[in-house]
Amino acid sequence: MAVTQLSTDEILRYMGCPPDKADEALKAQVETCARELLGAVRPRWSWRAVDIAFEPEGVRLENGLLLPGKDLQTHLAGCGRAAVFCATLGAETDMLIRRAERLDMARALTLDCCASAAVEEACDQIEVELQGKFPGCSFPFRYSPGYGDLPLEVQGPLLDLLDAPRRVGLCATASNLLTPRKSVTAILGIADNVIEQKKRSCLGCPAQGSCQYRKAGGHCGIS
């Protein structure tokens with residue numbers, strides 16, 4: 001996996017600016033920061049396929065870990081397995097952003113948004129690669145802790161399942177934040193039969209109450 005290119009429009013959305021409203025100076029700043037960010041990222045990832053079972057309290061992985069909540073159950077309907085994965089851009093990305101915060105907060109914000117776009121690009125690539133390992137199967141979109149009613153408290157157990165601290169240097173803090181910061185854990189359902197294709201939506205998004213896109217009358221571009 002290699003992240004070599006980022007969408008300027010996607011970065012602008014992360015910045016809360018509709019792409020058609022951005023002036024040339026802002027676009028140039030985004031492009032400069034994107035090039036700098038791409039020079040710093042060191043993407044790494046780990047994954048594991050697990051059988052899943054549905055219980056009243058949530059989804060149980062074969063290693064015994066319970067992923068609580070109703071939203072993930074609904075999302076994984078029709079799936080008998082899942083590919084659990086994590087991805088990180090590496091500590092170098094965090095250091096680049098922290099250095100910028102000491103000198104120029106506007107540049108630091110742009111770099112942070114570039115990094116958010118980069119980790120999503122990495123996950124998109126991983127999702128495609130994982131789908132290729134299960135020919136003939138169907139897949140809902142990846143689902144991460146913090147989305148819907150799946151709590152962030154499962155971050156640490158998912159990383160343990162993947163041996164992520166040792167394999168990719170990815171850990172969770174006591175407050176369930178990932179470190180390095182620009183990292184993701186996710187569950188990709190695997191169904192042996194055709195299932196209804198779901199779309200990401202504002203419903204259930206953990207940011208829906210404070211989303212700047214919705215306040216501006218738009219959306220983030222994911223759905």
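Descriptive notes on the structure:
- Unmet criterion (only one of (1) outside any strand (DSSP E or B); (2) buried (at least 16 other Cβ atoms within 10 Å of the Cβ); (3) at pLDDT 95 or above; (4) basic (Lys, Arg)) for ARG60: (1)
- Single unsatisfied condition, GLY189 versus (1) under 13 Å from ALA87 (Cα atoms); (2) crowded, with 20+ Cβ neighbours inside 10 Å: (1)
- Meets criteria (outside any strand (DSSP E or B), at negative phi, modelled with pLDDT under 95 and of a type outside the set (Lys, Arg)) for ASP112: no
- Checked against (1) open to solvent by less than 70 Å² (accessible area, probe 1.4 Å); (2) in contact with a strand residue (DSSP E or B) (Cβ under 8 Å, 6 or more places away or on another chain); (3) of a type in the set (Asp, Glu), ASP51 passes all but condition (1).
- Looking across segment 84-109, the residues that are assigned to a loop (DSSP other than H, G, I, E, B) and either in contact with a Ser or Thr (Cβ under 8 Å, 6 or more places away or on another chain) or touching a residue at least 40 places away in the same chain (Cβ under 8 Å) (or both) come down to LEU89, GLY90.
- Residue count, segment 120-135 (criterion: closer than 15 Å to GLY189 by Cβ, assigned to a loop (DSSP other than H, G, I, E, B) and not aromatic (Phe, Trp, Tyr)): 1
The values are calculated or read from the model by the stated rules, or taken from the named source; none is laboratory data. Quick caveat, the model's predicted, so the values are computed rather than measured. So basically every Cβ, Gly included, is an ideal-geometry build from the backbone, and we count neighbours across all protein chains shown. Remember, those area values only see protein heavy atoms, side chains included, never the ligands or the DNA or RNA. Shrake-Rupley method; radii C 1.70, N 1.55, O 1.52, S 1.80 Å.
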